Amino acid sequence: MAFGSRLLFSVLVSEMAGGFPNEPGYIKHQKPYFEAVQIPGAWELVRQNPSHKVTTIAIIDSGMKSDHPDLKDNAVVGYNVVDKNTDTHDREGHGTKMAGIAGAVINNGIGGAGTALSVRLMPIYDGGLPFNDHYIAEAIKYAVGAKADVILFSAGPNKPFDDEATTAITQAETANVPLICSAGNEAKEIGQDNHVSLASIPRRWTVLFALPAP
């Protein structure tokens, strides 16, 4: 898959029965937001491409509730960089929420819809708060080595990364693996006169992209 296509991991979906998600959360709450960022249009484009591939999203976070009914069918074995094992149960709840936004199962009639279908969710536990650059570096390197297509790091460290983490991001860049990080963790109002929220992580790499939280 081309690099540009993988940047849009949040809209890479396969054909949906009836072309419309049947989750109550989507119908009641998510639909206008999905339409605002043109996800239904992207769904239609992908439906017309039967050769699309399954995209693996590495979620570097607090872990993931892999047996969650809206995630379990998309979950794959991940890694715990702290204990160096596969215990990636969610310690704080944040990782499960991010996984749901990225790839909750769609058209299963429960919960809400993820922005992507045709995905695999690979949780990588990074030790949680406070951030540890070594663990973040190890998580990025694991994701690259495990052939993840996209890395999702929904956090905003309040300081620049150290050399080890910087090197890991450069390795992701070399491997053509985009790293999606968060913007908007500064708790500032975004409105007509203040519509730009900078990423907490310096955007010095072509592989790094910042997305604001809803």
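Beta carbons closer than 8 Å, at least 6 apart along the sequence or on distinct chains, pair a first residue in the stretch 26-42 that is over 16 Å from N107 (Cβ atoms) with a second that is of a type outside the set (A, V, I, L, M) and exposed (fewer than 12 other Cβ atoms within 10 Å of the Cβ) for Y33/P214.
Cβ-Cβ contacts under 7 Å between residues 6 or more apart (or on different chains), taken from a first residue in the stretch 164-178 that is at negative phi to a second residue that is of a type in the set (K, R) and in a helix (DSSP H, G or I), are listed as A168/K141; Q171/K141; P178/R6.
For the stretch 53-67, check the following and say yes or no: at least one residue is modelled with pLDDT under 90 and either in contact with a Ser or Thr (Cβ under 9 Å, 6 or more places away or on another chain) or outside any loop (DSSP other than H, G, I, E, B) (or both). Checked the stretch 53-67: at least one residue is modelled with pLDDT under 90 and either in contact with a Ser or Thr (Cβ under 9 Å, 6 or more places away or on another chain) or outside any loop (DSSP other than H, G, I, E, B) (or both).
For the stretch 108-124, the set of residues classified as closer than 15 Å to H29 by Cα and either in contact with a Phe, Trp or Tyr (Cβ under 6 Å, 6 or more places away or on another chain) or not hydrophobic (A, V, I, L, M, F, W, C) (or both) consists of G109, G111, G112, A113, G114, T115, listed by residue number. Scanning the stretch 106-115 for residues that are surrounded by fewer than 24 Cβ atoms within 10 Å (Cβ to Cβ) and at pLDDT 85 or above, we see that the one that is nearest to I39 (Cα to Cα) is G112.
Per-residue answers, yes or no, for (1) in a helix (DSSP H, G or I); (2) polar (S, T, N, Q); (3) modelled with pLDDT of 60 or more:
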| position | (1), (2), (3) |
| --- | --- |
| P160 | no, no, yes |
| I169 | yes, no, yes |
| I180 | no, no, yes |
| N185 | no, yes, yes |
| K188 | no, no, yes |
| V196 | no, no, no |
| R203 | no, no, no |
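Kindly check whether there is at least one residue in the stretch 76-83 that is among the aromatic types (F, W, Y) and touching a residue at least 40 places away in the same chain (Cβ under 8 Å). Within the stretch 76-83, one or more residues are among the aromatic types (F, W, Y) and touching a residue at least 40 places away in the same chain (Cβ under 8 Å).
So which residues in the stretch 43-72 are in contact with a helix residue (DSSP H, G or I) (Cβ under 6 Å, 6 or more places away or on another chain) and more than 18 Å from N108 (Cβ to Cβ), if there are any at all? Listed by number, the residues that qualify are H52, T55, I57, A58, I59, I60, D61, S62, G63.
Hey, does the stretch 116-131 have a residue that's among the hydroxyl-bearing types (S, T, Y), farther than 25 Å from E35 by Cα, out of contact with any strand residue (DSSP E or B) (no Cβ under 8 Å at 6 or more places or on another chain) and at pLDDT 90 or above? Among the residues of the stretch 116-131, not one is among the hydroxyl-bearing types (S, T, Y), farther than 25 Å from E35 by Cα, out of contact with any strand residue (DSSP E or B) (no Cβ under 8 Å at 6 or more places or on another chain) and at pLDDT 90 or above, which makes the answer no.
The values are calculated or read from the model by the stated rules, or taken from the named source; none is laboratory data. Worth saying up front: this structure is predicted, and the values here are computed from it rather than measured. Glycine also receives a Cβ, built like all others from the backbone with ideal geometry; neighbour counts cover every protein chain displayed.
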